[in-house]
Amino acid sequence: MQEAGLIQLSSKGLYCAEGDFFIDPWYPAGKAIITHGHSDHARIGQSAYLAHPTTCSVMKHRLGEVNTQALNYEQELMINGVGVTLFPAGHIPGSAQVRIRKGKETWVVSGDYKCHADGLSEPYVPVTCNHFISECTFGLPVFHWQPQGEVLASINQWWQQNAVQGLQSVIFAYALGKAQRILNGLDPSIGKIFGHGAVIAMNQTLHAAGVNLAACQAINQASKEDLKGAIIIAPPAASGTPWLNKFEPYRTAFASGWMAMRGSRRWQAADRGFVLSDHADWKELNHAVESSGAENIYLTHGYKAAFAKYLQSKGKRAFELDTLFEGESLNHSSEKELEANV
């Protein structure tokens with residue numbers, strides 16, 4: 001990264017010295033701008049958090065009564081002479097790209113993002129800049145997402161087949177973002193829809209923040225009769241735990257972009273894998289880079305080496321950044337959160 005640039009990579013994360021704030025710091029660092037509420041981006045210990053209103057609600061749910069300041073999309077806030085604006089990232093509800101500018105120098109930190117609309121998150125908005133810091137979790141040509149409608153139709157078909165056989169269906173998905181996408185796409189005529197406590201708690205938080213969600217019952221209120229042919233949405237950390245025993249007989253599935261990799265489903269010991277990601281695929285990553293118009297592209301977490309090499313072959317100035325962001329793992333729910341919401 002440029003030595004005199006507005007944003008530097010420090011030992012605590014991305015830092016703007018002129019504004020004296022960090023973006024998604026991975027250690028306690030003081031004032032922080034947060035792109036979204038997933039645990040690898042919104043961490044405990046900051047003195048103050050600036051984020052979209054929905055993300056502020058999520059952080060208070062996950063981190064406790066932290067000091068938050070809400071900033072709506074496309075409203076510039078001046079911090080020590082540096083302009084800060086949030087733009088929709090399309091990743092999950094409230095997710096944001098962060099634009100930092102002063103004079104003729106403009107940076108955009110993407111956070112996590114996807115470019116296709118999912119009917120739940122605020123749709124991604126391209127933002128022009130000189131310097132673009134982009135994730136590239138799925139930065140290989142092999143990653144190409146099917147239309148969401150087709151994936152959700154496959155999930156409903158799988159659920160229907162299980163219900164006909166007298167089986168319960170348990171689908172594992174992030175409690176924040178993925179679970180709500182699946183919930184809004186389920187067909188309630190097939191059977192009853194239940195959620196793990198962590199999913200229900202997050203649904204309540206998002207609903208209170210104004211996010212429209214389909215109905216979902218808490219699993220701890222279900223009788224054995226209620227469970228017949230039902231579908232249960234649970235965080236990935238619940239996979240392989242004794243909690244599942246109450247749903248026998250059942251079938252399991254994972255919803256993740258990693259299901260596109262051969263062997264992922266078997267590695268997770270699930271009966272089925274559905275390729276559904278909250279991150280950009282190969283085509284979308286290239287679209288985001290092109291639409292930014294950036295002179296310099298900095299790549300974080302994921303296949304950053306391969307994607308940087310590809311962009312360089314196209315004549316672009318692309319660089320790798322080593323960060324502690326995780327991208328899409330198969331477990332974005334903390335064990336503490338899981339245990340508290342069984």
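Please treat every number below as a calculation from the coordinates, not as lab data. Being a predicted model, the structure only gives us computed values, none of them experimental. Here Cβ is always computed from backbone atoms with ideal geometry, including for glycine, and neighbour counts include all displayed protein chains.
Pull up all non-local amide H partners of THR106: gap of 5 or more, or a different chain, and H-to-H distance under 5 Å with H placed in the peptide plane.
ASN130, HIS131
What is the gain in length, in nm to one decimal, between MET78 and GLN161 on full extension, counting 0.36 nm per residue of separation less the C-alpha to C-alpha distance?
24.4 nm
Calculate the dipole size of the range 68-219 relative to its Cα centre from +1 charges on Lys and Arg beta carbons and -1 charges on Asp and Glu beta carbons; express the result in debye to the nearest 20.
160
Under the rule a/c < 1.5 gives rounded, and otherwise a/b versus b/c splits prolate from oblate, where does the range 11-82 land using the Cα gyration tensor?
oblate
Please compare each pair in LYS102/LYS178; LYS114/LYS309; LYS60/LYS192; LYS60/LYS246; LYS114/LYS314 to a cut-off of 24 Å on the Cα-Cα distance and tell me which ones are over it.
Check vs 24 Å cut-off fails for LYS102/LYS178; LYS60/LYS192; LYS60/LYS246.
Roughly how many nanometres apart are two label points built 7 Å out from the Cα toward the Cβ at ARG262 and ALA305?
In this crude spin-label approximation the distance works out to 2.2 nm.
In whole Hz, with x marking every Gly and Pro, tabulate ³J(HN,Hα) for the range 73-78 from phi via Karplus 6.51 cos²θ - 1.76 cosθ + 1.60, θ = phi - 60°.
Rounded to whole hertz, the list is 4, 6, 10, 6, 10, 8.
Quick one: which residues, 5+ away or cross-chain, put their amide H under 5 Å from the amide H of PHE21? H built at 1.01 Å from N.
So PHE21 has HN proximity to CYS16.
Any idea what the dipole of the chain comes to, in debye rounded to 20, about its Cα centre with Lys/Arg Cβ at +1 and Asp/Glu Cβ at -1?
It works out to roughly 460 debye.
For each of LYS224, LYS283, count neighbouring Cβ atoms within 10 Å of the residue's Cβ, then give the residues from fewest to most.
Lowest to highest Cβ neighbour count: LYS224, LYS283.
For the range 148-274, what is the charge dipole size about the Cα centre, in debye to the nearest 20, if Lys and Arg each add +1 at the Cβ and Asp and Glu each add -1 at the Cβ?
Once rounded to the nearest 20, the dipole reads 280 debye.
More than 17 Å apart: what percent of Cα pairs in the range 115-162 qualify?
Tail of the P(r) past 17 Å holds 60 percent of the pairs.
Hey, fewest Cβ within 10 Å first, where do GLU326, GLU295, GLU225 land in order?
Sorted ascending by nearby Cβ count, the order is GLU225, GLU295, GLU326.
Test of understanding: extend the Cα→C-beta vector of LEU9 to 7 Å, then name every residue of the range 308-327 with backbone N under 19 Å from that spot.
308-313, 316-327
Expected output is a single nm value to one decimal: the length gained when fully extending between LEU213 and ASN245, i.e. 0.36 nm times separation in residues minus the C-alpha distance. What is it?
Between LEU213 and ASN245, full extension yields an extra 8.7 nm.
Tell me, in nm to one decimal, what length is gained between LYS104 and GLN204 on full extension, where the rule is 0.36 nm per residue of separation less the Cα-Cα distance?
31.7 nm
For the residue pair LEU324 and ALA17, what label-to-label distance in nm results when each label sits 7 Å from Cα along the Cα-to-beta-carbon direction?
2.2
If r is the Cβ-Cβ distance from GLN312 to GLU225 and R0 is 51 Å, what FRET efficiency results, to the nearest 0.05?
Efficiency at R0 = 51 Å is approximately 0.25.
Show me 137-149, 300-312 ranked by packing, highest mean number of other Cβ atoms within 10 Å first.
The peptides rank, most packed first, as 300-312, 137-149.
Give the residue from ALA51, ASN156, HIS41 lying farthest towards the positive end of the charge dipole for the chain; charges sit on Cβ (+1 for Lys and Arg, -1 for Asp and Glu) and the dipole is referred to the Cα centre.
It is ASN156.
Can you put CYS56, CYS115 in order, fewest other beta carbons within 10 Å first?
Lowest to highest Cβ neighbour count: CYS115, CYS56.
Tell me which of LEU244, LEU6, GLN312 sits at the most positive position along the dipole axis of the chain, charges placed on C-beta atoms (Lys, Arg +1; Asp, Glu -1).
LEU244
So what's the range 148-274 giving for Cα Rg divided by 2.2 N^0.38 Å, two decimals?
Computed over Cα atoms of the range 148-274, the ratio equals 0.98.
Assuming a ≥ b ≥ c are the square roots of the Cα gyration tensor eigenvalues, decide whether the chain counts as rounded (a/c under 1.5), prolate (otherwise, with a/b larger than b/c) or oblate.
Prolate is the answer for the chain, as a/c is 1.5 or above and a/b outweighs b/c.
Quick check: pseudo-label points 7 Å beyond the Cα along Cα→Cβ at TYR27 and VAL125, how many nm apart are they?
Rounded to a tenth, the inter-label distance reads 3.5 nm.
Quick one: net charge of THR68's neighbours, Cβ under 15 Å, K/R +1, D/E -1?
+2
When only Cα pairs under 8 Å and 6 or more residues apart are kept, what is the percent relative contact order across the chain?
Relative contact order for the chain comes out at 17 percent.
Kindly provide the helix-only [θ] at 222 nm of the chain, computed as the sum of -39,500 (n - 2.57) over DSSP H runs of four or more divided by all residues, to the nearest 500 deg cm²/dmol?
Using -39500 (n - 2.57) per qualifying helix, the result is -7000 deg cm²/dmol.
So, counting K/R as plus one and D/E as minus one, what does the shell of residues with Cβ under 14 Å around PHE138 add up to?
-4
Say the dipole of the chain comes from +1 at the beta carbon of Lys and Arg and -1 at that of Asp and Glu; which of GLY210, SER121, PRO28 then lies farthest toward its positive end?
My answer, from the dipole projection, is SER121.
Taking amide H positions as placed in the peptide plane 1.01 Å from N, state which residues far from TYR298 in sequence (5 or more) or on other chains have amide H under 5 Å from it.
So TYR298 has HN proximity to PHE132, ILE133, SER134, PHE319.
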